[in-house]
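Report on the following structure.
Every number in this text was worked out from the coordinates using simple rules, so none of it is lab data. Note that the structure is a prediction, hence the values are computed from the model and not measured. Here Cβ is always computed from backbone atoms with ideal geometry, including for glycine, and neighbour counts include all displayed protein chains.
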Amino acid sequence: MPTPEVSVQVGAVTLQVWEGDLTQAEAAAVVNAANNHLWMGSGVAGALKRLGGEEIEAEAIAQGPIPVGSAVATTAGKLPYRAVIHGAVMGQDLRTSADLIARTTRACLDLAEAMQLDSLALPAFGTGVGGIVFSACARAMLGATAEFARGEPRYLRRVVFVPYGAEAEAAFATELQVLIREGGII
C-alpha cells in the first residue's frame, strides 16, 4: 500500500485516507459495506467475495439479518486479513443516509475494538448503490471515527479510509481538512 494521501492523529488513533483497492489495504481487517441481510453483491462486496471466497458470504448470511447501522464479523477466507467486518449501511431498499453511515461506521469501529484489532480499512459507505455523495459520506465516516478515537480505544490504533477513485479520495481528504479546521478532529 503506498503512502496515504492524508494522515492525521486523533488521540492514539491515526486516521488515513488512501485511494485504491480495499482488498490491497494493509490492515488487520477490512470492512464490507453491506445490506442488512448480508448478501454480497457487486462493488466492494463482490470483490471481497471473489477474492476471499464464497465462505465469507455464507458466514455473513448465517448471522443475518441484522439491524441497519450494526455490524458482524466473519473470517476473511483467502484474503490476508484476520476478519471481514460487515457493516449494514442499508436495508433491502438500498437506501442510506449520513446518519446511518455514521452509526454503521461506529458499529464497525466498536466491533474491531472488541476483537482487539489494531487496524481497520473501510470503503466509502453508501456511495455506490446507496447514492450518497462522497462529501456527505466522508464527513459522516470521519466524524464518527474522530468521536470514537477521542474515547481512547485500547486496541485500535489505525483506521484507513479507502475510497475508490480520485474523486472519492479528494472528497475524503477535503472533509478531513474541514474537520481539522473546525476543531472536530483534534
- Query: Quick one: helix 43-52 against the long Cα principal axis of the chain, what's the angle to the nearest 10°, folded into 0 to 90?
  - Reply: 60 degrees
- Tilt relative to the chain, helix 134-150 - C-alpha long axis, 0 to 90 degrees, to 10: 80 degrees
- Message: Taking the Kirkwood radius as the inverse of the mean 1/r across Cα pairs, report the Rg/Rh of segment 52-128.
- Response: 0.95
- Message: To make sure I understand, if each residue's beta carbon is the centre and we count other beta carbons within 10 Å, what order do Val31, Val133, Val6 fall in, fewest to most?
- Response: Val133, Val6, Val31
- Note on the structure: A correct Stokes-Einstein calculation for the chain, using the alpha-carbon Kirkwood radius, 20 °C and 1.002 mPa s, returns a whole-number D in µm² s⁻¹ of 136 µm²/s
- What is the chain's relative contact order, in percent, from Cα pairs under 8 angstrom and six or more apart in sequence? 28 percent
- Note on the structure: Per-residue ellipticity at 222 nm attributable to helices in the chain (runs of n ≥ 4 DSSP H, -39500 (n - 2.57) apiece, nearest 500 deg cm²/dmol) works out to -12000 deg cm²/dmol
- In whole Å, what three semi-axes, largest first, describe the equivalent ellipsoid of segment 135-186 built from its Cα gyration tensor (square root of 5 times each eigenvalue)? 20, 14, 8
- Note on the structure: Final fewest-first order of Trp18, Trp39 on the 10 Å Cβ neighbour count is Trp39, Trp18
- Message: Between Arg150 and Asp110, what is 0.36 nm times their sequence separation minus the Cα-Cα distance? Round to one decimal in nm.
- Response: 13.1 nm
- Return the distance in nm (one decimal) between the two label points of a simple spin-label model at Arg157 and Thr174, each offset 7 Å from Cα along Cα→Cβ. 3.4 nm
- Message: Assuming 0.36 nm per residue, please report the length gained on full extension of the stretch Glu182 to Ala166 beyond their Cα-Cα distance.
- Response: 3.3 nm
